[in-house]
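Right, one structure below, let's go through it.
The values are calculated or read from the model by the stated rules, or taken from the named source; none is laboratory data. The structure displayed is predicted, hence computed values, not measured ones. Ideal geometry is used to build each Cβ from the backbone, glycine not excepted, and the neighbour counts take in all protein chains shown. The accessibility values were calculated without ligands, DNA or RNA, using every heavy atom of the protein model including side chains. Shrake-Rupley method; radii C 1.70, N 1.55, O 1.52, S 1.80 Å.
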Amino acid sequence: MVIVKGKYLIQDPEKCIENGAVAIKGTKMHRVGTFDEVKALSDDNTIVDLGNAVILPGFINIHTHLDLTNLHNRMKPTNNFTHWVFQLLGARMRWKEADYTASVDKGIRCSLEAGTTTVADIANTEYSFSVLKKSPLRKVVYKEVIDLNPEHVKDVVLKTQSELSAYESDGLFHTGLSPHAPYSVSKELYHAASQLAFQTGLPLCTHIAETQDEIEFLTKGTGNFPAFLRQLRAMPPDWQPPGLTPIHYLKGTGILEHRPILIHCNYITDEEISLIKSSASSVAFCPRSHRFFGHTNHPVQKLLDTGINVGLGTDSLASNDTLSILDEMKFLSLHHAVRPKDLIAMATVSGARALGMETQTGQIKEGFEADLCGIRLPDGNSVDVYGQLLDVASKNIFTMVAGVVCYKASFP
């Protein structure tokens, strides 16, 4: 057996074991407890001692675009979302297969080095699928679907089915479906995507309520989006605004019936929060990307208090500085005063629940997949493990996915 030990082990948000350890057989966790309890199981043990560290369930990043990794520092922070998209399209105009592949590869390395064991990635090229499938990460790769013209629905669905059929799921790899956003997907295509997901069992996610421009576009048909879409030749000539706010619009498409991950939810009303709650959908919050675009007052605490399942995402390095969920936790602790135990839940068990993996990962629990990370704690005598975890000096030093060590930093 392999035994991983540390100064602390956080099994789940509510349980911390001092001098904790976990024994691993194959891809699964076999026993969890104090080091003395776990090592007594067998004399034939390989011990990985992480020293002054806390062992946690591997972090779960429920929203990212790894194919944008190599755009880090290429995009200027802005509160004009459509201008940012133009920057992005321009930056990738001459990319070839090798550029996309290198970008995804780097995103995978950055994720593992940051203690992330599971990602929910949005892919609009075959390169993301093929590179991620071979990676040691646990992942759900969502095929992005974009088309605002209702007349194209049948062709888009057939093409999507064909592309997804090329990839078989396995223990670490699953596919999903991501109708992009209300300003890029017709109501009819949302409905068809939700039906396809229902028929095939594919998980769903969508960007929603990300900007004030999106709300203006849906309610009035004005703002930055109409001109932006016309420039891209993506605006049907007879398109009319539905006159609805984003979550109400989604309700009319049928997608909320399938418990999607709702990405961002930056601007939603109390009534829309109630709709999300009643649908049992999850929300992906990307705190530092939220800051990059100049958004304010995300309702994260209200979502948590309402009992909505909220997980953390990094978005991409085109709107963030790292792909570290721990960095997202630190940012939320500092700027939103979210409780440490809630932060741990958002980074682990809530992420697993959002992806339908709550019986496999997200906790350090006997019989669960051996997905772990080890966070080196700052030197000192503090007994507040949660405070040390969220200290600016804490750092991931160890990542294991399905019993395989995928990253190990050099440490004393």
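Some notes on this structure:
- Length-normalised contact order for the chain - Cα pairs under 8 Å, 6+ apart - percent: 22
- If you wrap the chain in the convex hull of its Cα atoms and look at it from every side, the mean projected area works out to 19.3 nm².
- Lysine-lysine proximity count for the range 131-180, Cα under 19 Å, sequence distance 8 or more or distinct chains: 4
- Each residue, residue 335 and residue 165, gets one label point 7 Å from its Cα in the Cβ direction; the gap between the two is 4.5 nm.
- Choice from 42, 130, 324 with maximal GNM fluctuation in the chain (Cα, 10 Å cutoff): 42
- Solvent-accessible area of the range 276-412 (1.4 angstrom probe, protein heavy atoms only): carbon and sulfur portion equals 50 percent.
- Residue separation of residue 19 and residue 212 scaled by 0.36 nm, minus their Cα-Cα distance, works out to 64.6 nm of gained length.
- Between the beta carbons of residue 146 and residue 80, assuming R0 = 25 Å, the FRET efficiency works out to 0.75 to the nearest 0.05.
- Looking at the range 260-412 alone, DSSP beta bridges between its own residues are antiparallel in about 55 percent of cases.
- Counting only Cβ charges, +1 for Lys and Arg and -1 for Asp and Glu, the dipole size of the chain around its Cα centre is about 480 debye.
- For residue 278, neighbours were defined as the other residues whose beta-carbon sits under 12 Å from its Cβ, and their charges (Lys and Arg +1, Asp and Glu -1) total 0.
- Surface composition of the range 178-235: carbon and sulfur atoms hold 49% of the protein heavy-atom accessible area at a 1.4 Å probe.
- Shape analysis of the range 273-412 based on the Cα gyration tensor places the equivalent ellipsoid semi-axes at 25, 20, 15 Å, largest first.
- Cα lying deepest toward the dipole's positive end in the range 196-334, options 287, 276, 317, charges on Cβ: 317
- Solvent exposure of the chain amounts to 42 Å² per residue of accessible area, where only protein heavy atoms count and the probe is 1.4 Å.
- With the helix formula -39500 (n - 2.57) applied to DSSP H stretches of n ≥ 4, the chain reaches a computed 222 nm mean residue ellipticity of -10000 deg cm²/dmol.
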